[in-house]
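To start, the structure under review is shown below, and the notes come after it.
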Amino acid sequence: MDEGEQDIPETETKEKSTKPKMLNIEPSPQDLTHHADSPVKQQMPSLLKVGMKEGWFIPHNDLQLEEKPFAAGSCARIYRAHYHGLQVCVKQVKDRGNAVNLKDFRREIALWRGMRHPNIVQFIGASFDPDFGEAIIMELMSGGDLSHKMKAGGLSKIDSIDTALSIAKALAYLHGTKPYPIVHRDMKPENIFFDQRGVAKLADMGLARIIPGKSGQRYRMTGKTGTMRYMAPEVCTGDPYDETIDVYGLGLIFYYMVSREMPFKGYSRERRVEFAEARIPYTVPPSFRMDNDCKTFIQECTQPRGRARPSSLECVGELEKLKENANRSRCCVM
């Protein structure tokens, strides 16, 4: 890193080890619309009606939350909880009643509630309470996230390929939805979780969006949405983009797992944007001893222009070949 430069800031959750002390929330004597002029009054009744009809609304008093959150991000707190004997995670919106957060909350539910895939964290339901705020209930991923696994020593070669394959399958599902593809827009290790069997799953649909038109159509979305380190060049520069930005993120995450080196390590935010503006291909340093097939996959996924990248479904095929080769010859040496 050049003197005076700071590495790209990371958005991390901070996990705290606490003794599970259960906190029972008594039902509020007031209904969801007791704040006279709040966005909750204006928007929640319709969402509540849909949730009741589709069966995913969960009364807050049916949840037994631990007293303190075990993780927190910029917009939400994450609690462990019990729901009718099932261990779950509860994602609580921090700034409750905020109109912008509420809109994002509704959008996330709208997308996530219909997703059914073994490599996407399962949406269980949502809860709205005037005292606790808005919350999404999801399956508990007891294996933690990829970021913590990497900091704890990383994954084996086979596990790295397996993890990338699982996430590629999740992306192929999102990108193949009808009538319009869904783009995740926030690919990063912190959004990849593992269940108790070690199966990797993609999480956090808060930034996901439907892309109008046919798959592959260029569509202008908000620039610089996501996490800078794993962001595709066209997002960094505010240019039109499509679902191939997720493939770029997948390539960088795979690079991180195989090399155990963060992509763009030592880059300041300004230098990272300059790299994106120059549309320079991302290359694996020659110093890393890596199987050529792995290196080729990373460099294909991280092409500076979206149309040159493989589709997520093509990534599934390439990773299946990598897995077969790795099992046969134990390649991809780090």
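The values are calculated or read from the model by the stated rules, or taken from the named source; none is laboratory data. None of the values given here were measured: they were computed from a predicted structure. Glycine also receives a Cβ, built like all others from the backbone with ideal geometry; neighbour counts cover every protein chain displayed.
Please find, within segment 195-205, the residue that is nearest to A126 (Cα to Cα) out of those that are buried (at least 21 other Cβ atoms within 10 Å of the Cβ) and over 8 Å from the mean Cα position of the chain (by Cα).
Filtering segment 195-205 for residues that are buried (at least 21 other Cβ atoms within 10 Å of the Cβ) and over 8 Å from the mean Cα position of the chain (by Cα), the one nearest to A126 (Cα to Cα) comes out as K201.
Output the residue which, of all residues in segment 79-137 that are closer than 15 Å to N61 by Cβ and of a type in the set (D, E, K, R), is surrounded by the fewest Cβ atoms within 10 Å (Cβ to Cβ).
D131
Against the definition (in contact (Cβ under 8 Å) with a residue 12 or more places away in the chain, of a type outside the set (K, R) and out of contact with any Pro (no Cβ under 8 Å at 6 or more places or on another chain)), how does F275 come out, yes or no?
Numbers: in contact (Cβ under 8 Å) with a residue 12 or more places away in the chain: yes; of a type outside the set (K, R): yes; out of contact with any Pro (no Cβ under 8 Å at 6 or more places or on another chain): no.
Against the criterion (in contact (Cβ under 8 Å) with a residue 12 or more places away in the chain, of a type outside the set (K, R) and out of contact with any Pro (no Cβ under 8 Å at 6 or more places or on another chain)), F275 does not qualify.
Could you say which residue among I210, I253 is out of contact with any Asp or Glu (no Cβ under 9 Å at 6 or more places or on another chain) and modelled with pLDDT under 95?
Only one candidate passes the filter, namely I210.
Quick one: in segment 45-60, of everything that is touching a residue at least 40 places away in the same chain (Cβ under 8 Å) and more than 14 Å from A110 (Cα to Cα), which residue is surrounded by the fewest Cβ atoms within 10 Å (Cβ to Cβ)?
P59
Report, by residue number, each residue of segment 263-318 that is surrounded by 14 or more Cβ atoms within 10 Å (Cβ to Cβ), aliphatic (A, V, I, L, M) and part of a helix (DSSP H, G or I).
Residues satisfying the conditions are V273, A276, I298, L313, V316.
If you take just the strands (runs of 3 or more DSSP E) that sit entirely in segment 56-162, which of them hold at least 3 residues that are touching a Cys at 6+ places or on another chain (Cβ under 9 Å) and more than 30 Å from D291 (Cβ to Cβ)?
The strands (runs of 3 or more DSSP E) meeting that bar are 76-83, 133-139.
Any chance segment 301-308 includes a residue that's over 21 Å from R229 (Cβ atoms) and touching a Phe, Trp or Tyr at 6+ places or on another chain (Cβ under 9 Å)?
Taking every residue of segment 301-308 in turn, none turns out to be over 21 Å from R229 (Cβ atoms) and touching a Phe, Trp or Tyr at 6+ places or on another chain (Cβ under 9 Å).
Counting only residues that are under 21 Å from the mean Cα position of the chain (by Cα) and among the acidic types (D, E), which one in segment 83-137 is farthest from Y173 (Cα to Cα)?
Among them, the one singled out is D95.
Please list, ordered by first then second residue, the pairs with beta carbon atoms under 8 Å, 6 or more apart or interchain, first in segment 183-195 and at positive phi, second of a type in the set (D, E) and at pLDDT 95 or above.
Matching pairs, first to second residue: R185/D246.
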